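Notes follow the structure.
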Amino acid sequence: MQHTDTIFRTICMTGAALSLLLVAGILGQLCIHSADTWQHSGLSFLWDSNWEPSIDAYGALPHILGTLLTTTLSLLLAIPLSFAVALLITEAPACLNRPLSHCVDLLAAIPSVIYGMWGLFVLVPIMQDDIQPFLSETLGLIHLPGGTWLLGEEGCGSGFGFLTAGVILALMVLPYMCAVMRDVFRMTPPMLKESAYGLGCTRLEVTRDVVVRYGIRGIIGGIFIGMGRAMGETMAVLFVIGNLMENPTGLFSCGTTIAATLANNFAEATGLQQSALFALGLVLLLMSFGIQLITRYYLSLSTSTQGKKS
């Protein structure tokens with residue numbers, strides 16, 4: 001038995017070491033191939049906005065801002081929707097629970113390129129003809145203070161842009177976030193909920209004060225999973241964001257993200273441009289690592305807080 005445990009421990013440690021070596025290898029390759037860009041531009045590469053391959057001028061700011069904006073928009077749209085769908089599935093009768101769960105899970109099986117094609121041929125015309133004019137003119141957001149900055153100088157766009165990309169990403173991350181929240185809600189002890197109902201609490205109060213508080217760590221973890229998924233998405237965003245290497249000027253404006261730029265330019269890139277694309281990949285990897293570190297810090301902080309309370 002002890003010999004078997006030793007073999008199992010060795011296999012696990014080997015797998016963990018290989019994972020660390022793989023991450024270190026990817027990070028090392030990105031650093032090596034992006035060295036020319038850091039030598040040419042230095043840290044100013046991170047806040048320069050000009051991207052002109054003809055004069056070897058490269059700046060990452062439009063790509064970083066585009067990535068952060070599309071990720072933020074997708075989370076703002078997906079978090080309440082995922083929460084509502086997960087709660088509905090959890091509280092639904094048995095005859096509806098499983099079919100609804102399967103329908104949501106099927107969204108995760110759709111390839112990203114299919115989301116992009118659907119966005120290009122279906123969502124973009126809807127955004128151009130209905131959604132963007134409704135937000136701009138019908139609701140009058142363009143006339144509010146800051147409305148020009150929010151929506152863009154023209155008010156109504158072409159259907160492409162950051163808002164459309166955010167909607168696509170929200171649909172893509174919804175099944176992942178919903179699956180985590182659904183499992184968290186199901187782990188809430190029935191005795192806690194029944195006790196709250198017995199005290200006269202409404203369903204809203206039980207959900208807010210019992211279910212959410214009990215599973216807050218899992219809910220936050222699901223949100224970070226969706227954030228990482230949205231930040232690295234490529235093909236779906238590439239179809240609908242417009243692919244202009246400019247700083248965002250509004251939700252209706254066109255732009256790009258780091259992943260979209262890599263997919264759109266890497267095949268024909270050479271020399272310093274290729275090095276700049278590797279540098280963008282390094283920035284994206286470090287942003288993803290940053291999200292993981294924040295997640296781990298939050299989970300450890302919440303664990304220590306709960307331990308002190310108990």
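A few points about this structure:
- So Leu192, is it over 19 Å from the mean Cα position of the chain (by Cα), at pLDDT below 80 and either within 19 Å of Ile79 (Cβ to Cβ) or surrounded by fewer than 21 Cβ atoms within 10 Å (Cβ to Cβ) (or both): no
- Restricting the range 79-117 to residues that are among the hydrophobic types (A, V, I, L, M, F, W, C), loosely packed, with under 13 Cβ neighbours inside 10 Å and under 20 Å from Val180 (Cβ atoms), the residue that is farthest from the chain's Cα centre (by Cα) is Cys103.
- Counting the residues of the range 43-56 that are without any contact (Cβ under 8 Å) to a residue 24 or more places away in the chain and over 18 Å from Gly255 (Cβ atoms) gives 4.
- Residues being among the charged types (D, E, K, R) and over 30 Å from Cys254 (Cβ atoms) are represented in the range 170-184 by at least one member.
- Scan of the range 35-60 for residues that are surrounded by 15 or more Cβ atoms within 10 Å (Cβ to Cβ) and either in contact with a Pro (Cβ under 8 Å, 6 or more places away or on another chain) or modelled with pLDDT of 90 or more (or both), ordered by number: Trp51
- Any chance Tyr176 is closer than 30 Å to Ala260 by Cα and at pLDDT 80 or above: yes
- Of the residues making up the range 156-189, those that are over 19 Å from the mean Cα position of the chain (by Cα), part of a loop (DSSP other than H, G, I, E, B) and either at positive phi or charged (D, E, K, R) (or both) number 1.
- Annotation: Leu277 fulfils all but one of (1) outside any helix (DSSP H, G or I); (2) without any contact (Cβ under 8 Å) to a residue 40 or more places away in the chain; (3) surrounded by 16 or more Cβ atoms within 10 Å (Cβ to Cβ); the unmet one is (1).
- Residue in the range 96-106 that is under 30 Å from Phe252 (Cα atoms), assigned to a helix (DSSP H, G or I) and of a type in the set (A, V, I, L, M) present: yes
- Asp36 falls short of the stated requirement of being in contact (Cβ under 8 Å) with a residue 12 or more places away in the chain and not in a helix (DSSP H, G or I).
- Single condition Gly116 does not satisfy, out of (1) modelled with pLDDT under 85; (2) closer than 30 Å to Asn247 by Cα: (1)
- Residue match in the range 211-229 (condition: surrounded by fewer than 16 Cβ atoms within 10 Å (Cβ to Cβ), outside any loop (DSSP other than H, G, I, E, B), hydroxyl-bearing (Ser, Thr, Tyr) and more than 16 Å from the chain's Cα centre (by Cα)): no
Each row is one residue, and each column tells you yes or no for (1) at pLDDT 80 or above; (2) part of a helix (DSSP H, G or I); (3) aromatic (Phe, Trp, Tyr); (4) in contact with a His (Cβ under 6 Å, 6 or more places away or on another chain).
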residue: Leu251; (1), (2), (3), (4): yes, no, no, no
residue: Leu262; (1), (2), (3), (4): yes, yes, no, no
residue: Val283; (1), (2), (3), (4): yes, yes, no, no
residue: Arg296; (1), (2), (3), (4): no, yes, no, no
residue: Ser300; (1), (2), (3), (4): no, yes, no, no
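The values are calculated or read from the model by the stated rules, or taken from the named source; none is laboratory data. Quantities reported herein were computed from a predicted structural model and do not represent experimental measurements. Positions of Cβ are backbone-derived with ideal geometry, glycine not excepted, and every protein chain shown enters the neighbour counts.
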